[in-house]
Structures are given as C-alpha cells and as structure tokens.
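Note sheet for the following structure.
The values are calculated or read from the model by the stated rules, or taken from the named source; none is laboratory data. What you are looking at is a predicted structure, and each value in this text was computed from that prediction instead of being measured. Note: ideal-geometry Cβ built from the backbone for every residue, glycine included; neighbour counts use all protein chains shown. Note: accessible area is taken over every heavy atom of the protein model, side chains too, but ligands, DNA and RNA are not part of it. Shrake-Rupley method; radii C 1.70, N 1.55, O 1.52, S 1.80 Å.
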Amino acid sequence: GLTNTTTFTLTAVDSYGVAQTVQRTVTVIPAPVITVFSAASPTVPYNHAGVLTWSTSNATSCNINGTPVACIGSTSTGSLTANTTFTLSASNSIGTTVISSLTVYVVPDIVSFTTNSTVYEPGETATLTWQVNTTAGTTCSIDRGIGTVACASGSVAVYPESSTPYTLTATNST
C-alpha cells in the first residue's frame, strides 16, 4: 500500500500517434497513533485525584471518555471513589480512530489511626480510634490479636503491658 502522497501519470496513445496524458494525485492521510497514555500512578487513595498524560501523532481530534481534549496533554481524573477506566480516542481528518484504555484503581485511605494518650501504665486501658475512607469490598484489621474491625470508623480498647505498636491494615478487594 501507499505510505506517501503519490502522483500517478497515465498516457494513452491512439492509433494516429496522438497522446493524451492524465495525472492524478493520491494523498495518503497517516493513521493516528497514541504514543503515550498513562496515569501518574495506577492507584489513588479514596476520594483523591490522579493525573492522566497522553501524546498522539497524526491525530486531529481526541477525547477521553467522550470529553474533547487536546491531542497532547495531561489532566486530573477528578476525585475518584471507585475504580475508573479511562479511554482515549484519537482520530485523523478522515475519521480513522484508534483507542487506548487504562484503569485507575482506588485504594483505601487511612485518614486517622490514633490513641487517646501516648503514655500508659502497664495494663491501663488505651483506646485505639480510626477512620478509613474506602470502597465496597475493603476489609480492615488491627494486629496484636484484635483482628477484623469495621472499616469506616471505630474504636477498640486495648490493655498493653509495655510499649506496643499497633498496625491498622485496610485491604482493597481489587
């Protein structure tokens, strides 16, 4: 197939030696190419934004999820509360279109994990309190034998005998 604009010449000569020449130029419009479509990070904390970056060549119009964008650029995803797939479409002047998709995954955001004091006597009651912003399907747990806890927010009494670190873990199902 043709890859460059080409001019074709056809010459016809009749039986009397009279020639007639016709030229036709075929213009090749290169297909659009998405050279880059990426997220600054494949994950973002719940209700936070990510950044998408893209670059195309031979494209005259582009859109992400149907919203027109420049054919080279970057944009915020806006605050995400669920895993979100973004699709970049790039088209040339004759309508040839290519697409590329990527998904930004939302991960739990541990907003706080605190205790009511930082100094305790051995065996004294300490209260651990937490708040986690998360998507459906996330599980939360605290180590040291406490186990699974409600993710959104909660508190639990503990009775440390010595200086004891506690770890809150939020695990997304995706």
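Just a few scattered comments:
- Solvent-accessible surface (1.4 angstrom probe) belonging to Phe86, in square angstrom, nearest 10: 20 Å²
- A cut-off under 14 angstrom between Cβ atoms defines the neighbours of Pro160, and their net charge, with Lys, Arg +1 and Asp, Glu -1, is -3.
- In a reduced charge model with +1 at each Lys and Arg Cβ and -1 at each Asp and Glu Cβ, the chain shows a dipole moment near 640 debye about its Cα centre.
- Percent RCO, i.e. relative contact order, over segment 1-135, from Cα pairs under 8 Å lying at least 6 residues apart: 20 percent
- Extension gain, Val28 back to Asp143 (0.36 nm per residue minus Cα-Cα distance, nm): 34.9 nm
- Cα pair count fraction exceeding 18 Å, expressed as % - the chain: 73 percent
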